[in-house]
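Enquirer: This is the structure I want to talk about, given as structure tokens.
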Amino acid sequence: MKKLRAILLTCILFPLFAWADTVDSCGTEYECIEIGRWDVGLAFGYGSRSNPLKDYDDIPIYLAPTFAYYGDSWYFDNGNIGYTLAEDERYTINLTTSFSTDSAFFHRWDPSNIFLTSTNKFEPGVLSRSIQPTLMGEEPTTLNIDELGSRNFTYLGGVEAYIYTRVGIVNLSLTHDLLNVHQGTEASLKWLYNLAIDEWNFELALVFDWKSEEVVDYYYGIRPSENAYWSENYKAESALNTGIELTSHYVLSDHWKLLFLARYTQIADEIVASPLLNEDYTSTFFVGTAYRF
């Protein structure tokens, strides 16, 4: 885990040293949206996202819509709304909103599941299982949760920055709960690199996602009404997930593309310690075709 974080950190911070060697963010490697025009698309095929929660099914992916509009200053991108505060050849700074991604594991039709981050196929609210913990030499205790309390969706808002270099784009964001669901804060650091070869386009992304203690406790903590033992023995802490993503597409025509997507997220130890999880990672893949209207 420490080695993975060190590698990702090196790869993400490296572009910062190439600040002087800027590139046009809408160069040949990048696909941009025309200002003042709606960009609408639909991908269909087959994919799946693994669900790290106990007794929750993996998440099938069949359709993934895209809706985006960029004006001179404001934009709408797959449900996220933003406003550009400053823009230059080297950087862009936006006010932005985003969906909570953790709620997607608990609700099939969470917005994060619709835009190619699909979630699980199950009836939310009921979770029953047994776990054999061995904490501090205590006797094993059976965990029985007949009904899991709500873990609701929320909308996050804050600020983000894009830094453009010759060795990729660095994206930093800091957001806070806007709907007063958990009153938590999230931060993200992402490095993206695009490579275009004839009709092929490849995008690699390395990601750090930090979640405050409030976020971790709300989604992965155990409440006294669910289980008295684990509500005392699992203490939520802030956590840092790390991940890698690869997206590629092959242009067939002006409207059609072949699409492949793969993602892997290493879940932080602070979250894995929750009795709600039985996996320390989540992975996603999708293979299909995409039509751009």
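The values are calculated or read from the model by the stated rules, or taken from the named source; none is laboratory data. Being a predicted model, the structure only gives us computed values, none of them experimental. Every residue, glycine as well, gets a Cβ built from its backbone with ideal geometry; the counts of neighbours run over all protein chains shown. What goes into the accessible areas is simple: the full protein's heavy atoms, side chains included, and nothing from ligands, DNA or RNA. Shrake-Rupley method; radii C 1.70, N 1.55, O 1.52, S 1.80 Å.
Enquirer: I'm told residue 237 meets every condition in (1) open to solvent by less than 20 Å² (accessible area, probe 1.4 Å); (2) closer than 25 Å to residue 190 by Cα; (3) outside any helix (DSSP H, G or I) except one. Can you identify the failing condition by its number?
Expert: Here residue 237 meets the rest and fails (1).
Enquirer: Could you tell me which numbered condition residue 63 fails, if it satisfies all but one of (1) among the hydrophobic types (A, V, I, L, M, F, W, C); (2) open to solvent by 50 Å² or more (accessible area, probe 1.4 Å); (3) closer than 23 Å to residue 175 by Cβ?
Expert: Unmet condition: (3).
Enquirer: What is the number of the single condition among (1) open to solvent by 60 Å² or more (accessible area, probe 1.4 Å); (2) modelled with pLDDT under 95 that residue 167 does not meet?
Expert: Residue 167 satisfies all of (1) open to solvent by 60 Å² or more (accessible area, probe 1.4 Å); (2) modelled with pLDDT under 95 except (1).
Enquirer: Residue by residue through the range 78-106, note down the ones that are within 15 Å of the chain's Cα centre (by Cα) and among the acidic types (Asp, Glu).
Expert: 102
Enquirer: Output the residues belonging to the range 170-190 that are within 18 Å of residue 103 (Cα to Cα), part of a strand (DSSP E or B) and open to solvent by 20 Å² or more (accessible area, probe 1.4 Å).
Expert: Listed by number, the residues that qualify are 176, 185, 186, 187, 188.
Enquirer: Within the range 143-160, identify whether any single residue is under 25 Å from residue 86 (Cβ atoms), in contact with a strand residue (DSSP E or B) (Cβ under 7 Å, 6 or more places away or on another chain), open to solvent by less than 70 Å² (accessible area, probe 1.4 Å) and at pLDDT below 95, and answer yes or no. First the steps, then the outcome.
Expert: Filtering the range 143-160 for residues under 25 Å from residue 86 (Cβ atoms) gives 155-160.
Still in the running and in contact with a strand residue (DSSP E or B) (Cβ under 7 Å, 6 or more places away or on another chain): 155-160.
Keeping just the survivors that are open to solvent by less than 70 Å² (accessible area, probe 1.4 Å) gives 155-160.
Subsequent filtering for residues that are at pLDDT below 95 retains 155.
Within the range 143-160, one or more residues are under 25 Å from residue 86 (Cβ atoms), in contact with a strand residue (DSSP E or B) (Cβ under 7 Å, 6 or more places away or on another chain), open to solvent by less than 70 Å² (accessible area, probe 1.4 Å) and at pLDDT below 95.
Enquirer: Ok, one more. Which of the residues that make up the range 268-293 are aliphatic (A, V, I, L, M), part of a loop (DSSP other than H, G, I, E, B) and open to solvent by less than 10 Å² (accessible area, probe 1.4 Å)?
Expert: Of everything in the range 268-293, those that are aliphatic (A, V, I, L, M), part of a loop (DSSP other than H, G, I, E, B) and open to solvent by less than 10 Å² (accessible area, probe 1.4 Å) turn out to be 268, 276.
Enquirer: I would also like to ask the following. Please name all residue pairs, on different chains or six or more residues apart, with Cβ atoms under 6 Å, provided the first residue is in the range 85-111 and is within 11 Å of residue 161 (Cβ to Cβ) and the second residue is open to solvent by 80 Å² or more (accessible area, probe 1.4 Å) and of a type in the set (A, V, I, L, M, F, W, C).
Expert: 93/85
Enquirer: Still on this model: Examine the range 243-252 for a residue that is buried (at least 19 other Cβ atoms within 10 Å of the Cβ), of a type in the set (D, E, K, R), modelled with pLDDT of 95 or more and under 26 Å from residue 166 (Cα atoms), and state whether such a residue exists.
Expert: Step one: list which residues in the range 243-252 are buried (at least 19 other Cβ atoms within 10 Å of the Cβ), which gives 243, 249.
Restricting the remaining residues to those that are of a type in the set (D, E, K, R) gives none.
The answer is no, given that none of the residues of the range 243-252 is buried (at least 19 other Cβ atoms within 10 Å of the Cβ), of a type in the set (D, E, K, R), modelled with pLDDT of 95 or more and under 26 Å from residue 166 (Cα atoms).
Enquirer: Could you please give the count of residues in the range 35-71 that are in contact with a strand residue (DSSP E or B) (Cβ under 8 Å, 6 or more places away or on another chain) and of a type in the set (Asp, Glu)?
Expert: 2
Enquirer: Also, I was wondering about something else. Looking at this structure, is residue 229 farther than 24 Å from residue 81 by Cα, open to solvent by 40 Å² or more (accessible area, probe 1.4 Å) and not in a strand (DSSP E or B)? Don't jump to the end; show me each part of the working.
Expert: Details: farther than 24 Å from residue 81 by Cα: yes; open to solvent by 40 Å² or more (accessible area, probe 1.4 Å): yes; not in a strand (DSSP E or B): yes.
Yes, satisfied.
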